[in-house]
Amino acid sequence: MKANRPSAPTLRDIAQAVGVHTTTVSRALNPRTQGQVGAETVRRVQKAAKELGYQPNPIALSLRTSRSRTVGLVIPDITNPLFPPIVRGIESALEAEGYSGWIVNTDNDPQRERKLIDSLRSRQVEGLIVATARMDHPLLAELHASGVQLVLINRRVEGVDLPCVTADDSSGVSAAVAHLAGLGHTRIAHLAGPQGTSTGVARARAFRHAVRDRGLPDDPGLVVECARWSEEAGARATRTLLGAQSGVTAIVAGNDLIALGCYDVFGERGLSCPEDVSVVGFNDMPFLDKLRPPLTTVRVPHHDIGVEAARMLLDGIENPGRPARSLLMPVSLVVRGSTARR
């Protein structure tokens, strides 16, 4: 004969223990409505909930309120070191408002991305935070047209007016070029990110403007596109650049992973950084200060980008008619050992 399992404690149980109405308990346990309840009552309710072992039932809550209090986080490559701090920022902001996130990794595959987003929507997520790697993105246009709440991070897409949170790529690249020019470099190259991405296009455009503004050569041969935002692609682009006998003495890499590819090729060819070639990265990934030499780079506030993206999405969920807006996050140049006077 099976023993009867004790039933899980409910809001009613907490209300009886504290001596308040169940509505008060519900408000006291919800971060978004705690302000409607006195601080002492919130403390007593939370204490009783902990003592009774109460665990909220998100399925029952969503059926009762038609709100899942979840959002989807769509990441193109979770192995890219820039995404974990962004995701952590998103989680921090969501948790503060009683939300949680479902993370999916698309591997930059459009079919996989569509399948995963369909899966997230079947779980009744209330919105999506998307880090797409493509400028032309029909799926996002479809989702936007169907009323799905969306916020883009670290990217923009063409033809769709979506809210987004991005780093100030232009000022970051300009600071990198100004730093190298100030060290006496005149043949400065750019290993650009993929030109099918808004970030790659924005940083390449900013580079061309920066060298022109300083009267430096705007030579098309000094810009080499990388097929991916990866160390391997950076290495291939560096070999192409150095094989062209361009007389380059400094490189502004599209991101830190591309800059690591530069280091690989310098090792292959017996070149010294920064004595032979100076290098500047972009993003300030963890552990760059442990490289030899430590990498000069543009620091991007990834955690803050995540926080602001989550806040923007929650604002859109609560105010669906609000016009789309964009937020540009400030960046800063971190000078280390990979750059030196020419």
Worksheet entry | Full-stretch length increase - R341, D109 - with 0.36 nm per residue and alpha-carbon distance subtracted | 79.3 nm
Item to complete: With springs only between Cα atoms under 10 Å apart, run a GNM on the chain and tell me which of T33, T132, T240 wobbles the most.
Response: T33
Fill in: Charged-residue dipole, Cβ positions (Lys, Arg, Asp, Glu), the chain about Cα centre, Debye nearest 20
920
Worksheet entry | Solvent-accessible area of M285 with every protein chain in place, 1.4 Å probe, in Å² to the nearest 10 | 20
Discussion item. Which of A48, A310, A202 ends up with the largest GNM mean-square fluctuation for the chain, with Cα atoms connected below 10 Å?
Written reply: A48
Worksheet item: In square angstrom, what is the accessible area per residue of region 188-342 with a 1.4 angstrom probe?
Response: 43
Worksheet item: In terms of Cα to Cα distance under 19 Å, which aspartates and glutamates are near enough to K50, apart from those fewer than 8 places away along the same chain?
Response: D13, E40, E95
Worksheet, complete the sentence: Taking Cα atoms only, helix 256-269 is inclined relative to the longest principal axis of the chain by an angle, in degrees rounded to 10, of 40
Discussion item. If the elastic network links every pair of Cα atoms under 10 Å, which of T249, T79, T106 fluctuates the most in the Gaussian network model of the chain?
Written reply: T79
Response to the item:
Calc'd 3J(HN,Hα), region 138-145, phi into Karplus 6.51 cos²θ - 1.76 cosθ + 1.60 (θ = phi - 60°), Hz, glycine/Pro = x, comes to x, 4, 5, 4, 4, 4, 4, 5
Worksheet, complete the sentence: Placing one equal point scatterer on each C-alpha of region 237-280 and summing with Debye, one gets log10 I(q)/I(0) at q = 0.23, 0.31, 0.32 Å⁻¹ equal to -0.74, -1.39, -1.46
Practice prompt. Would you please give the FRET efficiency between E142 and H209, computed as 1/(1 + (r/R0)^6) with r the Cβ-Cβ distance and R0 = 30 Å, to the nearest 0.05?
Written response: 0.30
Worksheet item: Per 10 Å bin from zero, what fraction in whole % of the C-alpha pairs of region 237-313 is there, up to the bin with the longest pair?
Response: 17, 45, 21, 11, 5
Practice prompt. Just name one of V160, N108, L52: the one whose Cα is farthest towards the positive end of the charge dipole of the chain (beta-carbon charges, Lys/Arg +1, Asp/Glu -1).
Written response: L52
Discussion item. When a/c reaches 1.5 or more, the comparison of a/b and b/c decides; with that in mind, is region 185-342 rounded, prolate or oblate per its Cα gyration tensor?
Written reply: prolate
Discussion item. Net charge around T197, counting only other residues with Cβ within less than 13 Å of its Cβ (Lys, Arg = +1; Asp, Glu = -1)?
Written reply: +1
Response to the item:
In whole percent, the fraction of accessible protein surface over the chain that belongs to carbon or sulfur atoms, probe radius 1.4 Å, stands at 50
Practice prompt. Give the long-range amide H neighbours of Q149: residues separated by 5 or more places, or on another chain, with amide H under 5 Å away, using H modelled in the peptide plane at 1.01 Å from N.
Written response: L128
Worksheet item: Hey, what do the phi angles of region 107-118 turn into as Karplus ³J(HN,Hα) couplings, whole Hz, using 6.51/-1.76/1.60 and θ = phi - 60°, x for Gly and Pro?
Response: 6, 6, 9, x, 5, 5, 4, 4, 4, 5, 5, 4
Item to complete: In whole Å, largest first, what are the principal axis extents of the Cα atoms in the chain?
Response: 81, 46, 40
Worksheet item: By the gyration tensor of its Cα atoms, with a ≥ b ≥ c the square roots of the eigenvalues, what is the shape of region 177-247: rounded for a/c under 1.5, prolate for a/b over b/c, or oblate?
Response: oblate
Worksheet item: What net charge is computed for the residues neighbouring V18, neighbours being all others with C-beta under 15 Å from the C-beta of V18, Lys and Arg scored +1, Asp and Glu -1?
Response: +3
Discussion item. Given a 1.4 angstrom probe, what's the average accessible area per residue across region 38-179, in square angstrom?
Written reply: 49
Response to the item:
Under the Karplus relation with 6.51, -1.76 and 1.60 and θ = phi - 60°, whole-Hz ³J(HN,Hα) for region 210-216, x at Gly and Pro, equal 5, 6, 5, 4, 9, x, 8
Worksheet item: If ligands, DNA and RNA are left out, what is the accessible area of C226 with a 1.4 Å probe, given in Å² to the nearest 10?
Response: 0
Worksheet item: Farthest toward the dipole's positive end in region 201-335, which of P217, S230, G243, given Cβ charges of +1 (Lys, Arg) and -1 (Asp, Glu) about the Cα centre?
Response: P217
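The values are calculated or read from the model by the stated rules, or taken from the named source; none is laboratory data. All values reported here derive from a predicted model rather than from experimental measurement. FYI the Cβ positions are ideal-geometry reconstructions off the backbone, even for glycines, and counts take in every protein chain you see. With ligands, DNA and RNA removed, areas are computed over all heavy atoms of the protein, side chains included. Shrake-Rupley method; radii C 1.70, N 1.55, O 1.52, S 1.80 Å.
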